[in-house]
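Below: the structure, in structure tokens.
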Amino acid sequence: MKITVIGAGAIGGNLARRLSLAGHDVLVADARGPGAVTAEVLKAGARAVALDASVQGRDAVILAIPFGVQGQLADLFAAVPAETVVIDTSNYYPHLSGRIEPVEDGGQVESVYTSDLLGRPVVKAWNAALAETQRTRGVPAGTPGRIAIPVAGDSAEAKKVAMSLVDDTGFDPYDAGVLADSWRQQPMGPAYCTELTIDELPAALTAADRVKDAAVRDSMMERFAALPDNPTLDDVVEMNRAAHR
């Protein structure tokens, strides 16, 4: 497939490398320009391009940029064909994104808000796994204990594309329903960054509670402060799991 990843940070870089290794034609665009895309991101075959030249003629566009700035891309997406699958990987943290009233006070689901900003449907994927999990723990399909990643969206066809790409990055894709239900995979629910298998993930999504999960999200800095110095990936995953026991 012809795939563009917008954003060359930890998540975008991981996806660009893994999807390139899976044989896809990958472009990487960054708001700071092609020169901001590191050689590490491109070493598996992805190519850096200017943002304004990144979305035409692509089968899928993956947004790997902060939640609070996605609306700045509305003009870029205005001319993107309807059949192009747009995948949102972002998460809303008020202390990082700034307080976004429709989400924080109005209760709008994060990726529904993104869809409204861009003026087009999106699929939610890859947001519920830590960057280090994505970098180091992807394994071939059929591997025992393979970590699952929830995928939510309103178009069955678009969701099928996103799920195939999740599989290509080394994780079991799980159909998490419509976009309006994607709050169940947002911070800091039981399914969020807890490295569950495809057998464990459905119950975690069902157990999500918007009020409780928001409170856990807002206590994140205090919980991180209680971790050992230089916490490992396993330390962080255990912290997230423990919040829901």
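The values are calculated or read from the model by the stated rules, or taken from the named source; none is laboratory data. Computed from a predicted model, the values in this text were never measured in an experiment. As a convention, Cβ positions derive from the backbone with ideal geometry for all residues, glycine included, and neighbour counts pool all protein chains shown. Please note that ligands, DNA and RNA were not included when accessible areas were found on the heavy atoms of the full protein model with its side chains. Shrake-Rupley method; radii C 1.70, N 1.55, O 1.52, S 1.80 Å.
Within 10 Å, count the other beta carbons around each residue, average over each peptide in 40-52, 210-222, 10-22, and list them highest first.
10-22, 40-52, 210-222
Looking only at the range 113-128, which residues have a backbone nitrogen under 15 Å from a spot 7 Å from the Cα of Leu51 in the C-beta direction?
118
Using a 1.4 Å probe and ignoring any ligands, DNA or RNA, find the accessible area of Thr206 and quote it in Å² to the nearest 10.
For Thr206, solvent-accessible area is about 110 Å².
Which of these, Gly23, Gly170, Gly138, has the largest mean-square fluctuation under a Gaussian network model of the chain (Cα springs below 10 Å)?
Gly23
Any idea how many Lys pairs in the chain come in under 21 angstrom at the alpha carbon, given 8 or more places apart or on separate chains?
Lysine pair count for the chain: 6.
Would you mind calculating the relative contact order of the range 164-217 from Cα pairs under 8 angstrom and at least 6 residues apart, reporting the percent as a whole number?
35 percent
With every protein chain present, what is the per residue accessible area of the range 169-209 (1.4 Å probe, Å²)?
34 Å²
Could you please state how large a percent of the accessible area of the chain is carbon and sulfur, counting protein chains only and using a 1.4 Å probe?
54 percent
What number comes out for accessible area per residue over the range 6-100 if the probe is 1.4 Å? Units Å², please.
Result: 43 Å² of accessible area for each residue.
Just to be sure I understand the model, the point goes 7 Å from the Cα along the line to the Cβ. What's the resulting Thr136 to Asp229 distance in nm?
Calculated label separation equals 1.9 nm.
What is the local net charge at Pro140, summed over the other residues whose Cβ is closer than 14 Å to its Cβ (Lys, Arg +1; Asp, Glu -1)?
That works out to 0.
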